[in-house]
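Presented below is the structure to which this report refers.
The values are calculated or read from the model by the stated rules, or taken from the named source; none is laboratory data. Keep in mind that this is a model prediction, so the values were computed, not measured. As a convention, Cβ positions derive from the backbone with ideal geometry for all residues, glycine included, and neighbour counts pool all protein chains shown. Accessible surface areas use protein heavy atoms only, side chains included; no ligands, DNA or RNA. Shrake-Rupley method; radii C 1.70, N 1.55, O 1.52, S 1.80 Å.
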Amino acid sequence: MAPLIDPFARPITYLRVSVTDRCDFRCTYCMAEHMQFLPKKDLLTLEELDRLASAFVRLGVEKLRITGGEPLVRRDILTFFRAMSRHLETGALKELTLTTNGSQLQRFAKDLADCGIRRVNVSLDTLDPEKFQEITRWGKLPAVLGGIEAAKAAGLRVKINTVALKGFNEDELFGLLDWCAKEDHDLTFIEVMPMGEMGEEMRLDQYWPLKDLRARLAERFALTELTERTGGPARYVRIEETGQKIGFITPLTHNFCESCNRVRVTCTGELFMCLGQEDMADLRAPLRASESDELVEQAIRAAIALKPKGHDFDYSRQKVAGQMTRHMSHTGG
Ligand code: SAM
Ligand code: SF4
């Protein structure tokens, strides 16, 4: 079957699937405290998620990341992970992974490892229990740290994703770094993105440009730029003194669009060709219209043929341009 290649000659090999819009946390930069979640009938069933992800795998997707909302709060989610592990067994899928807030990892880490998952990304913005509760509103730090331990014990490699927030975790930069070195976790910083409708001021106030964060690191350490690329917005440096590899995700710069290899599907089957654009294709209708997967494959191909060149986020000139009204929990960060 011909692989998916978009109009800018980018092969699409990476799919992120959001399996739920729900979450047991309410991170302030991601959700409002009182969220209206989608009615169940709108969500793809686990079977539909399987058909959809498998169609992408047939069309050449080699890396599948499961996200949300919080993927591990979706009922019976292990059924889906187990189903996806068959694509690892055939070799069609090279990697199956997930992004999680870590709250449920104590319960799931072992089963996830048994499904062939080797790495997890855990989002963690602070190591201070009170600040953790402030930023996540509903989260409890000990449960997450316990989850990370359980992941490690199950043999999973853990990457910590930290959203860089001005005035919030600036003072923890070196503390987080030391902790990750001690625990042997990879660490990636993410620049806060203008998602959702939570007001421009808050976003701009919280915006801590990663170039500033990096400059602070460089005051203390020798940094070597790594050439490694993942097709996404991450760039890596090595800290020579500790050997740690640190990632920076700066989605607001355009430096990654030209090599973008990824698309996202929401829990309702909307295919977003670009995180920063409103254009999407509905894959739920073709999934539900027929038991065969022909229609959905056609819809995927038609959508990829429209993948835009890049996004329009722009924090310059002190205003947020290209702001998305979608929440990150909807598209699946
Ligand atoms: N609940 C899981 C978690 O927190 O890892 C998976 C979904 S969450 C939407 C995925 C990632 O998006 C998290 O690392 C989170 O920190 C990040 N995120 C959410 N809102 C964001 C925003 N406005 N800007 C940048 N990153 C954001
Ligand atoms: Fe939930 Fe993840 Fe969004 Fe936090 S960032 S509210 S954990 S989906």
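The accessible surface of the chain, taken with every protein chain in place and a 1.4 Å probe, is 52 percent carbon and sulfur. Rounded to 0.05, the FRET efficiency of the Glu47 and Ala302 pair, given R0 = 25 Å and the Cβ-Cβ distance, is 0.60. Take each peptide in 22-29, 237-244, count the other Cβ atoms within 10 Å of every residue, and average; sorted highest first, the result is 22-29, 237-244. Accessible surface for the range 14-328, divided over its residues, is 43 Å² per residue with a 1.4 Å probe. Straight-distance candidates among the lysines for linking to Lys140, with alpha-carbon spacing under 17 Å and chain neighbours fewer than 8 residues away dropped: Lys131. Using the Cβ-Cβ distance between Arg288 and Arg157 with R0 set to 45 Å, the FRET efficiency works out to roughly 0.75. Here's the list of lysines a cross-link from Lys245 could span, going by alpha-carbon distance under 19 Å and ignoring same-chain residues fewer than 8 apart: Lys152, Lys159, Lys182, Lys211. The Cys residues in the chain with no partner Cys Cβ within less than 4.7 Å of their Cβ are Cys23, Cys115, Cys180, Cys257, Cys260, Cys267, Cys274.
What lysines sit close enough to Lys94 to cross-link, taking a C-alpha to C-alpha distance under 17 Å and skipping anything fewer than 8 places away on the same chain? Partners within reach: Lys63. Structural size metrics of the chain, computed from C-alpha coordinates, are Rg and Dmax of 19.1, 59 Å.
Straightening the chain between Lys211 and Glu130 buys 26.4 nm, computed as 0.36 nm per residue apart minus the Cα-Cα spacing. Label positions at Glu241 and Lys110, each projected 7 Å from the Cα along the C-beta direction, are separated by 4.0 nm. Relative to the longest principal axis of the Cα atoms of the chain, the long axis of helix 210-220 makes an angle of roughly 40 degrees. Under 12 Å from a label point set 7 Å out along the Cα-to-Cβ vector of Arg137, the amide N atoms of the range 12-43 belong to 23-37.
Positive end of the dipole of the range 14-328 (Cβ unit charges, origin at the Cα centre): among Met280, Ile77, Trp208, the Cα lying farthest that way belongs to Ile77. Each peptide among 108-120, 37-49 gets the average number of other Cβ atoms lying within 10 Å of its residues, and from highest to lowest they stand as 108-120, 37-49. Residue-normalised convex hull volume from the C-alpha trace of the range 71-168: 93 Å³ per residue. Fully extending the segment from Glu225 to Asp76, taken as 0.36 nm per residue of separation minus the present Cα-Cα distance, adds 49.5 nm.
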